[in-house]
Amino acid sequence: MSNHIVENLKKEIENFKAEIKVEKVGKVIEIFDGIAKVSGLSDIKSSEMVTFQNGKGDIQTGVALNLEEDAVGVIILGDFSKIKEGDEVKSTGRILEIPVSDSILGRVVDALGAPVDGKGPIKASKAYPIEKVAPGVITRLSVSEPVATGIKVIDAVIPVGRGQRELIIGDRQTGKTALAIDSILNQKGQNMICVYVSIGQKDSKLRKLEARLEEGGAMKYTVIVNASASEPAAMSYIAPYVGVSIAEYFMDQGKDVLIIYDDLSKHAVAYREISLLLRRPPGREAYPGDVFYLHSRLLERACRRNEKYGGGSITAFPIIETQAGDISAYIPTNVISITDGQIFLETDLFYKGIRPAVSVGSSVSRVGSSAQIKAMKKVAGTLKLDLAQFRELEAFSQFGSDLDESTKKQLERGKRAVEVLKQLQYAPVKTEHQVVTLYALTKGFMDDVPMEKIKEFESGLIEYSESNAKVFYKEVLESKMWTDKGEEQLKKAIADFKIGFMK
Amino acid sequence: MKISPQNIAEAVYKATEGKSGQDLTALLKRSVRILVNRRMLGKSNEVLGALQNIFDKKSGTIRMKVTSARGVGSEAKSALENEIKKKYKAQNVISEFFEKRQLLGGVKVEVGDEVLDNTYRNKLNKLEQFLIQAK
């Protein structure tokens with residue numbers, strides 16, 4: 001046995017060639033709060049990875065961010081308490097890289113790609129740089145395939161396509177993370193890999209979330225990148241770039257990826273902390289001048305590539321937390337302008353019991369409608385307008401009691417629409433079921449169903465239609481088409497079900 | 001505007017260029033006074049370092065630090081100095097030689113921020129990293 005080990009070791013050592021070359025070495029001249037000022041390293045480039053070596057053989061990694069005349073400002077990734085003044089710093093000539101492989105699926109990794117879930121090491125097959133230039137125009141394809149989030153109000157009114165960047169924005173405790181998690185849960189069997197990047201959040205919250213995903217069988221196709229609140233700001237700063245690198249690894253295999261950045265407000269705060277420590281001049285709200293570039297270069301990496309360049313897509317759901325509903329603050333306006341639309345969650349709606357608390361009037365999807373399937377487009381076409389008119393009429397109707405018949409009808413329809421769009425957490429609805437419900441709603445089948453029985457009607461109808469409108473289901477599921485024959489069958493199934501239900 | 005030790009060193013070098021004797025002494029005293037007035041006396045080492053770099057650059061001088069496990073013979077010393085002179089196209093080489101048992105063997109040459117580490121210790125460290133990665 002021992003001979004075998006020695007033989008193996010011999011073989012390994014025979015393969016080893018000690019390449020000795022001239023290296024650039026600097027010295028730590030100052031160290032504070034996760035930042036090191038380093039002298040020397042005259043040829044270093046911005047964002048280059050450096051390694052810190054103390055006499056005891058400990059190696060720490062850092063990234064050069066500030067290139068000054070006589071020193072280099074480096075952020076330290078990890079425990080900086082082991083680094084002291086005078087320690088050697090070596091430049092590597094490479095951008096920071098993370099190990100990636102297919103076995104990363106189902107794992108929780110830290111901001112350097114190392115596993116933190118206690119399930120053993122991840123065998124890496126490749127190393128991906130965390131900073132990359134976003135794919136150019138020639139390599140891209142416009143958004144045309146939907147991302148089924150399983151959330152009725154999103155899939156119907158604010159549809160999202162593969163390769164789109166859709167911002168989820170709202171105050172604290174309005175269900176932003178819940179929307180994202182529901183979207184991940186609904187990707188089961190949809191041929192989608194999910195990456196969830198947790199930035200500056202409590203470890204306990206992440207643990208709960210991981211357990212929820214595990215329970216829903218979603219961890220099989222999900223990777224979680226965690227830079228928790230207890231870790232240095234540098235980790236929060238690099239975490240989203242690490243997440244998108246993992247997403248790019250899967251996209252390069254032609255796969256579709258959904259990435260969630262939860263949340264970019266904390267990311268901006270971490271970058272502000274680093275920038276101020278590096279003595280960069282503060283601008284609005286004390287953020288540095290390049291905070292827009294911080295997010296634009298990240299979100300620009302979300303794309304849908306054409307077949308010639310390998311296919312695949314990265315759909316991004318960045319999350320932004322607002323303060324007291326102020327979407328005109330610095331970071332929210334920046335990210336709104338970068339993304340292809342936003343889903344705005346309102347506290348008032350949340351406490352009225354309208355959950356998900358999506359404000360349809362303030363939410364928009366700029367490119368998603370071209371990704372909607374025909375059937376959904378047909379049934380949800382006027383829903384947004386109907387809801388907007390309902391809100392206006394609702395406010396107006398509070399002043400008077402005498403309303404004409406058509407206004408009353410519109411109000412009743414609006415109330416039912418709001419009720420139908422309500423949805424429980426962790427209960428995503430399949431697209432075909434959404435189409436059935438919305439068809440019944442928009443064609444007026446629900447107008448005389450009592451409000452308190454809407455949910456019951458909805459679930460019963462879905463069950464009934466599955467066995468009585470098979471042609472319709474086949475068309476929607478297989479060819480994503482909408483034909484008169486299918487519509488007729490669906491209409492009949494709804495009418496039949498209603499007769500039985502209203503008895 | 002913030003004044004860096006590099007700025008002060010450049011100013012001192014330019015002011016003292018071609019000066020000697022009492023003029024030089026007076027100039028240097030005034031330079032120290034400026035450091036005191038600007039509360040930069042604590043940075044005097046950095047100023048001196050920057051001044052030395054400027055002087056070395058102007059005079060084509062290279063400073064080399066050689067560390068070995070068991071010392072370097074005189075022949076090897078002059079061969080090293082000539083090699084460095086040629087590589088950096090320098091006129092003078094100021095070298096310092098140190099002994100450090102922990103290096104086990106070989107030699108480590110440092111010029112500015114460039115280091116050529118050909119010691120056994122470094123090779124062993126690299127072998128360690130190689131074996132960890134192979135695992």
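When the solvent-accessible area of the protein assembly as shown is split by element, carbon and sulfur atoms take up 52 percent of it, the probe being 1.4 Å.
Subtracting the Cα-Cα distance of A:Lys430 and A:Leu276 from their residue separation scaled by 0.36 nm leaves 50.7 nm. Taking 10 °C and 1.306 mPa s as the conditions, I'd like the Stokes-Einstein D for chain A in µm²/s, using the Kirkwood hydrodynamic radius from alpha carbon pairs. The diffusion coefficient I find is 63 µm²/s.
Beta bridges assigned by DSSP with both partners in the protein assembly as shown are antiparallel in approximately 55 percent of cases. Since only A:Ser465, A:Pro159, A:Ile494 are under comparison, the one whose Cα sits farthest along the positive direction of the charge dipole of the protein assembly as shown, derived from C-beta charges on Lys, Arg, Asp and Glu, is A:Pro159. At a threshold of 50 Å², the residues of the range A:19-57 that become less accessible to a 1.4 Å probe in the full protein assembly than in their chain on its own are A:Ile20, A:Val22, A:Glu23. Distance from the C-alpha centroid of the range A:340-419 to that of the range A:227-286: 34 Å, rounded to the whole angstrom.
In this Cβ point-charge picture (+1 for Lys and Arg, -1 for Asp and Glu), chain A has a dipole of about 900 debye about its Cα centre. Debye calculation, C-alpha points only, no solvent: report log10 I(q)/I(0) for the range A:362-456 at q = 0.22 Å⁻¹, in the same order as the q values. Here the Debye-derived log intensity ratios amount to -1.27.
Each residue, A:Ser125 and B:Leu27, gets one label point 7 Å from its Cα in the Cβ direction; the gap between the two is 6.8 nm. For the range B:5-57, the tally of Lys pairs with Cα-Cα distances below 17 Å comes to 4, considering only residues 8 or more apart or on different chains. When accessible surface is computed with a 1.4 Å probe, chains B and A are found to bury approximately 1700 Å² between them, both chains counted.
For the cross-link pairs A:Lys384/A:Lys422; A:Lys17/A:Lys84; A:Lys384/A:Lys443; A:Lys208/A:Lys422; A:Lys21/B:Lys65, the ones whose C-alpha atoms lie over 22 Å apart are A:Lys17/A:Lys84; A:Lys208/A:Lys422. Every helix of 4 or more DSSP H residues in chain A counts as -39500 (n - 2.57), and over all residues that averages to -11500 deg cm²/dmol at 222 nm. Here the translational diffusion coefficient of the range A:99-372 follows from Stokes-Einstein with Rh set to the Kirkwood radius across Cα pairs; for 4 °C and 1.567 mPa s it amounts to 70 µm²/s. Cross-link list A:Lys27/B:Lys89; A:Lys202/A:Lys415; A:Lys27/A:Lys202: which exceed 31 angstrom alpha carbon to alpha carbon? From A:Lys27/B:Lys89; A:Lys202/A:Lys415; A:Lys27/A:Lys202, over 31 Å: A:Lys202/A:Lys415; A:Lys27/A:Lys202.
The values are calculated or read from the model by the stated rules, or taken from the named source; none is laboratory data. Just so it is clear, the structure is predicted and the values come from calculations on it, not from any experiment. So basically every Cβ, Gly included, is an ideal-geometry build from the backbone, and we count neighbours across all protein chains shown. Note: areas computed on protein heavy atoms with side chains; ligands, DNA, RNA excluded. Shrake-Rupley method; radii C 1.70, N 1.55, O 1.52, S 1.80 Å.
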